[in-house]
Amino acid sequence: MLLEVKALEVHYGGIRAVKGIDLEVEQGELVCLIGANGAGKTTTLKAICRLLPSSGKIAYAGSDITRAKVHELPRQGLVMVPEGRGIFPQLTVEENLAMGAYVRGRVDAERQYATFPRLKERRTQVAGTLSGGEQQMLAIARALMTEPKLLLLDEPSMGLAPMMVARIFEVVREIAKRGVTILLVEQNARLALELAHRGYVMESGAIAVSGSAKSLLEDARVKEAYLGEAAS
Amino acid sequence: MDTFLQQMVNGLTAGSVYAVVALGYTMVYGIIQLINFAHGEVVMIGAMVAFSVINLLVPSGLPPLAIVLIGAGCAVPICMLVGYGMERLAYRPLRHAPRLAPLITAIGVSIILQHIALMIWSRNILAFPQIIPSRSYFIGGAAITTIQIAILAICFMLMASLAILVYRTPLGTAMRATAQNPQVAGLMGIDINRVIAVTFILGAGLGAVAGVLFGTYYGIAQYTMGSVLGLKAFSAAVLGGIGNIPGAMLGGVLLGVVEALGAGYIGDFTDVCAWGVPLAACEGGGTFILFGSNYQDVFAFLVLILVLVFRPQGLLGERVGDRA
Ligand SMILES: Nc1ncnc2c1ncn2[C@@H]1O[C@H](COP(=O)(O)OP(=O)(O)OP(=O)(O)O)[C@@H](O)[C@H]1O
Ligand SMILES: [Mg+2]
C-alpha cells in the first residue's frame with residue numbers, strides 16, 4: 001500500500017470538515033475522489049500533505065507521516081498540485097519548473113517540455129501571464145519535476161474550457177501510464193471515473209460510497225447525484 | 001567648487017549606503033510582509049562592533065586595511081547572528097498572528113537592541129581612528145575621496161552580488177517563490193523557515209557592512225545612529241517600492257542624491273537677503289538663511305511623505321501583469 005489513511009479527522013476551529021475517513025491508494029493505481037463543493041476533498045489532500053493538522057493515521061510508503069513537515073514530503077516522492085494551480089506568478093515558466101526540481105538539485109526540464117510543448121515556447125515568459133490552461137499544465141509539469149511516486153491532483157480541470165479539460169485528462173492518463181500513482185480530486189465525476197481504477201465519493205466530510213470506478217459509474221446514487229442521470 | 005557636482009558625489013556615496021540598508025528592509029518585507037523596524041539597530045551594531053575591534057587593534061601595528069577588514073569581519077557574523085536571532089525568537093512565533101503583532105514586536109526588538117548597545121558601549125561616541133590616509137581626487141570641480149570611492153565600489157559590488165544571488169541562483173529563486181506563495185513553496189520541498197531565516201541573515205550581513213561604511217564615512221558611531229539611518233533606508237525602500245529589490249537600490253541612491261542636493265541648495269533658496277528683503281543682516285552682501293544644511297535629514301522624510309501621498313506603491317512597486 002503506497003498511501004493508507006485511517007480515521008482521518010480534520011477540524012477548522014470548531015468545524016469538523018473531515019469526519020474520520022479511510023482511504024487507500026495502491027502502488028500504480030489511479031484513484032479518484034469525487035464529491036460536491038465543500039465535501040472536504042481539498043481538506044483531505046491538504047492533511048495528507050501536512051498543510052493541515054489532523055488526527056488519525058496517514059501512512060505513506062509504509063511509514064507514518066503525520067509528524068512530517070510539509071517540505072519533507074516531496075523528497076520522499078509525495079507531491080500535490082494544489083487547487084487553483086498555485087504557480088509562482090512572477091517567476092518565469094523555467095523558474096517555476098526549477099522550483100519543482102529544487103529538492104533534487106538538478107534541473108532537466110526537457111522531458112516536461114516534450115510533454116508540454118506549449119511550455120517550451122513560453123519558457124522565459126512570466127507565469128502569471130499564461131492562460132488558465134497553460135498555468136495548469138505548468139503546475140502539473142512543475143510537480144513532475146520532483147519525480148513523484150504519488151501525485152495528488154486537486155481539481156486540475158477547474159475553470160477550463162472543454163478542449164483544455166480533455167487535454168488535461170489526457171495528460172493525467174499519460175502520467176499514470178508512466179507508472180506514477182495518482183490520487184485525483186475532481187468535480188468532473190464522469191471523466192474522472194472513466195480514467196480511474198477506483199473511486200471514493202465524499203459527502204459532507206465522510207466517504208459515502210467507494211469501489212471500483214466501474215461499479216461507481218453504475219451505482220444509482222452516484223449516477224443521480226454526480227453523473228447527472230435520473231435514477232432509473 | 002561646483003556645488004551641484006560635489007553634492008552629486010556626496011549624495012551618491014551616502015545613497016549607495018542607504019540602498020544597501022534598504023535591501024534589508026525590502027527583502028524581509030518581500031518575504032513575510034513585515035517592516036523590520038529593528039534593522040536600523042542591526043546596522044548600528046555592525047558599526048559599533050567594527051569600531052570597537054578597530055580601536056582595539058590600532059596599537060597592534062597591523063596594516064590599516066587589515067585592521068578595518070578584521071573589524072568588518074567581526075561585525076558581519078555578529079550582525080548575522082542578531083538577524084537570525086530576532087527572526088527565530090521574535091518573529092517566527094508570530095508568523096500567523098495578526099499583522100500588527102509582529103510590527104509592534106519589531107519596534108520592541110529595536111528598543112531592546114538599542115538598550116543592549118547602550119549597556120555595552122554606554123552613550124559614548126566611538127570615533128573612527130584616522131588610520132587610512134584619505135586622498136582627494138578632483139573631477140570637473142568636485143572632489144572625491146578614496147573613502148568615497150571605496151564606499152561606492154563596495155556598495156555597488158554588494159548590490160550586484162545580491163542581485164545575482166536573488167535572480168540567478170536556486171536559493172534566490174526559492175526566496176522569490178516563498179515570497180509569492182509560501183504554502184506552495186513548501187509543497188515543492190522548499191523549507192520556508194530556512195529561506196526566511198536566510199533572508200534575515202543576508203539582510204543583516206548587508207546591514208553590518210553598511211554600518212561599518214557609514215561610520216567610516218562620517219567618522220563616528222553611536223548607539224542611537226540606527227534610528228535615523230534606519231528610517232532613511234526605510235524611506236528609500238518605500239520610495240523604490242517596498243518588497244522590490246531593484247526598487248530598494250534605486251530608492252536608496254535617489255534618496256541620497258535628493259538629500260545631498262537639498263542640503264546643498266536649501267541655504268541659497270531660503271536666504272531672505274536673496275529674496276530682496278531689506279534686513280540689517282543683509283547689508284554689505286550679508287546673508288540671513290532660514291534653513292541651513294543642518295536640515296538635511298528633513299528631505300528623507302519629505303520624500304517619504306510625498307511618495308506615500310502620490311505613489312504609495314513606490315517607483316518600481318507592483319508591476320502590472322504580475323498577478324495570477
Ligand atoms: N480555512 C478554512 N476555515 C474554515 N473552514 C474551512 C476552511 N477551508 C475549508 N473549510 C470548510 O471545510 C469544508 C470542506 O472544504 P474543502 O475545501 O475541503 O471542500 P472541497 O470538497 O475541496 O470543495 P470544492 O469542490 O469546492 O473545492 C467546507 O465546508 C469549507 O467551508
Ligand atoms: Mg476543493
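The values are calculated or read from the model by the stated rules, or taken from the named source; none is laboratory data. Remember, it's a predicted structure, so these values are computed and weren't measured experimentally. Every residue, glycine as well, gets a Cβ built from its backbone with ideal geometry; the counts of neighbours run over all protein chains shown. Only protein heavy atoms, including side chains, enter the accessible area calculation; ligands, DNA and RNA are left aside. Shrake-Rupley method; radii C 1.70, N 1.55, O 1.52, S 1.80 Å.
Inspect all residues belonging to segment B:131-142 and state whether any of them is part of a strand (DSSP E or B) and either in contact with a Pro (Cβ under 9 Å, 6 or more places away or on another chain) or surrounded by 13 or more Cβ atoms within 10 Å (Cβ to Cβ) (or both). Looking for residues that are part of a strand (DSSP E or B) and either in contact with a Pro (Cβ under 9 Å, 6 or more places away or on another chain) or surrounded by 13 or more Cβ atoms within 10 Å (Cβ to Cβ) (or both), one finds at least one in segment B:131-142, hence yes. Among the residues of segment A:29-48, those that are open to solvent by 40 Å² or more (accessible area, probe 1.4 Å) and more than 14 Å from A:TYR200 (Cα to Cα) comprise A:ASN37, A:GLY38, A:LYS46.
Apart from one condition, A:SER55 fits all of (1) away from every other protein chain (no Cβ under 14 Å); (2) closer than 20 Å to A:ARG198 by Cβ; (3) not acidic (Asp, Glu); the exception is (2).
So which of A:GLY62, A:GLY133, A:GLY38 is out of contact with any Gly (no Cβ under 8 Å at 6 or more places or on another chain) and either within 16 Å of ligand 2 (Cβ to nearest atom) or of a type in the set (Asp, Glu) (or both)?
On the way: A:GLY62 fails: either within 16 Å of ligand 2 (Cβ to nearest atom) or of a type in the set (Asp, Glu) (or both); A:GLY133 fails: either within 16 Å of ligand 2 (Cβ to nearest atom) or of a type in the set (Asp, Glu) (or both).
Matching residue, one of A:GLY62, A:GLY133, A:GLY38: A:GLY38.
Pairing each residue of segment A:127-140 that is at negative phi and at the interface with another protein chain (Cβ under 9 Å from one of its Cβ atoms) with any residue that is open to solvent by less than 10 Å² (accessible area, probe 1.4 Å) and part of a helix (DSSP H, G or I), provided the two are 6+ apart or on different chains, yields C-beta distances under 7 Å for A:ALA127/A:VAL93; A:ALA127/A:ASN96; A:ALA127/A:LEU138; A:LEU130/A:LEU138; A:GLN135/A:ALA127.
Every test in (1) closer than 23 Å to B:THR199 by Cα; (2) loosely packed, with under 13 Cβ neighbours inside 10 Å is passed by B:LEU65 save one, and that test is (1). Of note, A:VAL185 satisfies the criterion of being within 16 Å of ligand 1 (Cβ to nearest atom) and in contact with a strand residue (DSSP E or B) (Cβ under 6 Å, 6 or more places away or on another chain).
Summed over segment B:174-190, residues that are crowded, with 20+ Cβ neighbours inside 10 Å and either farther than 15 Å from B:VAL28 by Cα or more than 8 Å from every other protein chain (Cβ to nearest Cβ) (or both) total 10.
Would you be able to tell me the number of residues in segment B:1-28 that are aromatic (Phe, Trp, Tyr) and crowded, with 24+ Cβ neighbours inside 10 Å? Lay out the reasoning, then the answer.
At the first step, the residues of segment B:1-28 found to be aromatic (Phe, Trp, Tyr) are B:4, B:18, B:25.
With crowded, with 24+ Cβ neighbours inside 10 Å added as a condition, the list becomes B:18, B:25.
Final tally of qualifying residues: 2.
Quick one: is A:LEU8 within 16 Å of ligand 2 (Cβ to nearest atom), surrounded by fewer than 21 Cβ atoms within 10 Å (Cβ to Cβ) and within 27 Å of A:VAL209 (Cβ to Cβ)?
Details: within 16 Å of ligand 2 (Cβ to nearest atom): yes; surrounded by fewer than 21 Cβ atoms within 10 Å (Cβ to Cβ): no; within 27 Å of A:VAL209 (Cβ to Cβ): yes.
No.
Answer yes or no as to whether A:THR66 is of a type in the set (S, T, N, Q) and either in a strand (DSSP E or B) or within 15 Å of ligand 1 (Cβ to nearest atom) (or both). Before you say what the answer is, go through the steps one by one.
Details: of a type in the set (S, T, N, Q): yes; either in a strand (DSSP E or B) or within 15 Å of ligand 1 (Cβ to nearest atom) (or both): no.
Criteria not met by A:THR66.
Taking only segment A:1-33 into account, find how many residues are modelled with pLDDT under 95 and away from ligand 1 (no atom under 12 Å from the Cβ). The qualifying residues number 1. Within segment A:38-63, the residues that satisfy the criterion of being of a type outside the set (Gly, Ala, Ser) and either within 10 Å of ligand 1 (Cβ to nearest atom) or more than 25 Å from A:PRO156 (Cα to Cα) (or both) are A:LYS41, A:THR42, A:THR43, A:THR44, A:LEU45, A:LYS46, A:LEU52, A:LYS57. Just the residues that are more than 16 Å from ligand 2 (Cβ to nearest atom), open to solvent by less than 10 Å² (accessible area, probe 1.4 Å) and within 17 Å of A:GLY86 (Cβ to Cβ), please, taken from segment A:49-59. Matches in segment A:49-59: none. Restricting attention to segment A:185-200, report how many residues are within 14 Å of ligand 2 (Cβ to nearest atom) and surrounded by fewer than 20 Cβ atoms within 10 Å (Cβ to Cβ). Residues that pass the stated criteria total 1. What do you reckon, is B:LEU100 free of Cβ contacts under 8 Å to residues at least 24 places away in the same chain and either of a type in the set (Gly, Ala, Ser) or buried (at least 17 other Cβ atoms within 10 Å of the Cβ) (or both)? Considered against the rule, which asks whether it is free of Cβ contacts under 8 Å to residues at least 24 places away in the same chain and either of a type in the set (Gly, Ala, Ser) or buried (at least 17 other Cβ atoms within 10 Å of the Cβ) (or both), B:LEU100 comes out as no. Tell me, yes or no, whether segment A:205-215 has at least one residue that is open to solvent by less than 30 Å² (accessible area, probe 1.4 Å), among the hydroxyl-bearing types (Ser, Thr, Tyr) and within 16 Å of ligand 1 (Cβ to nearest atom). No, segment A:205-215 contains no residue that is open to solvent by less than 30 Å² (accessible area, probe 1.4 Å), among the hydroxyl-bearing types (Ser, Thr, Tyr) and within 16 Å of ligand 1 (Cβ to nearest atom).
Restricting segment A:148-169 to residues that are within 14 Å of another protein chain (Cβ to nearest Cβ) and at pLDDT 95 or above, the residue that is farthest from ligand 1 (Cβ to nearest atom) is A:LYS149. In a residue-by-residue description of segment A:153-165, the property of being surrounded by fewer than 23 Cβ atoms within 10 Å (Cβ to Cβ), farther than 20 Å from A:LEU91 by Cβ, within 16 Å of the chain's Cα centre (by Cα) and away from ligand 2 (no atom under 16 Å from the Cβ) applies to at least one position. Selection of segment A:112-126 for residues being more than 9 Å from chain B (Cβ to nearest Cβ) and aliphatic (A, V, I, L, M) yields A:ALA114, A:LEU119. If we scan segment A:170-180, do we find a residue that is aliphatic (A, V, I, L, M) and either within 16 Å of ligand 1 (Cβ to nearest atom) or without any contact (Cβ under 8 Å) to a residue 24 or more places away in the chain (or both)? No, there is no match, as no residue in segment A:170-180 is aliphatic (A, V, I, L, M) and either within 16 Å of ligand 1 (Cβ to nearest atom) or without any contact (Cβ under 8 Å) to a residue 24 or more places away in the chain (or both). The set of residues from segment A:71-111 being open to solvent by 10 Å² or more (accessible area, probe 1.4 Å), part of a helix (DSSP H, G or I) and more than 9 Å from chain B (Cβ to nearest Cβ) comprises A:GLN76, A:GLU94, A:GLU110, A:ARG111. Confirm whether A:GLU24 is within 21 Å of A:ILE175 (Cα to Cα) and either away from ligand 2 (no atom under 12 Å from the Cβ) or among the polar types (S, T, N, Q) (or both). Yes, satisfied.
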